[in-house]
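A quick write-up on the structure given underneath.
The values are calculated or read from the model by the stated rules, or taken from the named source; none is laboratory data. Computed from a predicted model, the values in this text were never measured in an experiment. Here the Cβ is made from the backbone with ideal geometry for all residues, glycine too, and neighbour counts use every protein chain on show. Protein only, heavy atoms only, side chains kept; ligands, DNA and RNA dropped before computing areas. Shrake-Rupley method; radii C 1.70, N 1.55, O 1.52, S 1.80 Å.
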Amino acid sequence: QISKKRKFVQDGVFKAELDEFLTRELAEDGYSGVEVRVTPTRTEIIILATRTQNVLGDKGRRIRELTAVILKRFNFSEGTVELYAEKVGQRGLCAVALCESLRFMLIGGLAVRRA
């Protein structure tokens, strides 16, 4: 049994590390956030993105790879983590998605006033 304070800090660090990892991994796919739901039997991780097909990959291959990496990195036992990809409802209202989109436009060489 760990103290409440320690548990909150542990959960926060887990979410921050997961968000950082997914930001690096899924930047081109319009990644805009993650939601973690913990149930007694398993942990559900919902990835919010603008292009969910790219997150899932060919026949779900990429999401399985991400699941394997997360299992190994955070020492989860097999079958306790489920990853889901969810499309961002209104892209115009998601600051992170717009920021990433703008970033890739500018990197691609589009004029600042056109981007």
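Structure notes:
- Residue tally, condition open to solvent by less than 60 Å² (accessible area, probe 1.4 Å) and closer than 26 Å to Ala95 by Cβ, over segment 20-56: 22
- Arg62 meets the conditions (1) touching a Cys at 6+ places or on another chain (Cβ under 7 Å); (2) at pLDDT 90 or above in every case but one. The failed one is (1).
- Residues that are free of Cβ contacts under 8 Å to residues at least 40 places away in the same chain, hydroxyl-bearing (Ser, Thr, Tyr) and in contact with a strand residue (DSSP E or B) (Cβ under 7 Å, 6 or more places away or on another chain) are absent from segment 3-19 altogether.
- Pairs, first in contact (Cβ under 8 Å) with a residue 60 or more places away in the chain in segment 50-77, second in a helix (DSSP H, G or I) and open to solvent by less than 100 Å² (accessible area, probe 1.4 Å), C-beta under 9 Å, six or more apart: Phe74/Phe14; Phe74/Glu17; Phe74/Leu18
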